[in-house]
Amino acid sequence: MVELDHEFSNGKPVEQNWETILDLERLVPCVEGGSVTEKTGPESVKAEIKVKMGAMSLTYAGTVTVTEQDAEAHRAVLQVKSRETRGQGHANADVTFSLSDGGGTIHTAAQITGKAASMGEGVMVSVLDALIRSFTENLAAL
């Protein structure tokens, strides 16, 4: 299990950030290499992500679902469940957003197995860290 915490600021009102993180079709492509392949419900999508880890390029396919929402506290939990498209590994994560005016925090708890895990925790953490940082920049640009 890898856990990461990130703060972000984008100068946008909390309500605008709240709407954005609940709109999975806009949110998922904010992750570098991420795309929505199908909307499966009001709070779930099928998605795919291509990730580079050193010399390896991995593709994961799975689902992203809003599992918890607290509109008053502006807190939401997104659950990511995915499998390597060519391989036995998986990458699952619970991503908790806590929003305020102008930004918020993101807590990521990820479980990764397979080829990505074999690269070692240091490599996984640096790749996840870079993905989340670029995600927050893309989120600010929405």
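May I ask you to list the residues in the stretch 1-36 that are in contact with a Gly (Cβ under 9 Å, 6 or more places away or on another chain), loosely packed, with under 15 Cβ neighbours inside 10 Å and not in a strand (DSSP E or B)?
Answer for the stretch 1-36, where residues must be in contact with a Gly (Cβ under 9 Å, 6 or more places away or on another chain), loosely packed, with under 15 Cβ neighbours inside 10 Å and not in a strand (DSSP E or B): G11, P13, V14.
Only one of these conditions is not met by A73: (1) within 12 Å of the chain's Cα centre (by Cα); (2) surrounded by fewer than 17 Cβ atoms within 10 Å (Cβ to Cβ). Which number is it?
Checking A73 against (1) within 12 Å of the chain's Cα centre (by Cα); (2) surrounded by fewer than 17 Cβ atoms within 10 Å (Cβ to Cβ), the one that fails is (1).
If you check every pair at least six apart or on different chains, which have Cβ atoms under 9 Å apart with a residue in the stretch 62-78 that is at pLDDT 95 or above first and a residue that is surrounded by fewer than 11 Cβ atoms within 10 Å (Cβ to Cβ) and assigned to a strand (DSSP E or B) second?
T65/G41; A76/D70
hydroxyl-bearing (S, T, Y), surrounded by 18 or more Cβ atoms within 10 Å (Cβ to Cβ) and out of contact with any helix residue (DSSP H, G or I) (no Cβ under 7 Å at 6 or more places or on another chain): which single residue out of S118, S82, S134, S98 fits that description?
S82
The values are calculated or read from the model by the stated rules, or taken from the named source; none is laboratory data. The shown structure was predicted, so the numbers you read here are calculated from the model rather than taken from an experiment. Using ideal geometry, Cβ is built from the backbone for each residue, glycine included, and neighbour counts are taken over all protein chains shown.
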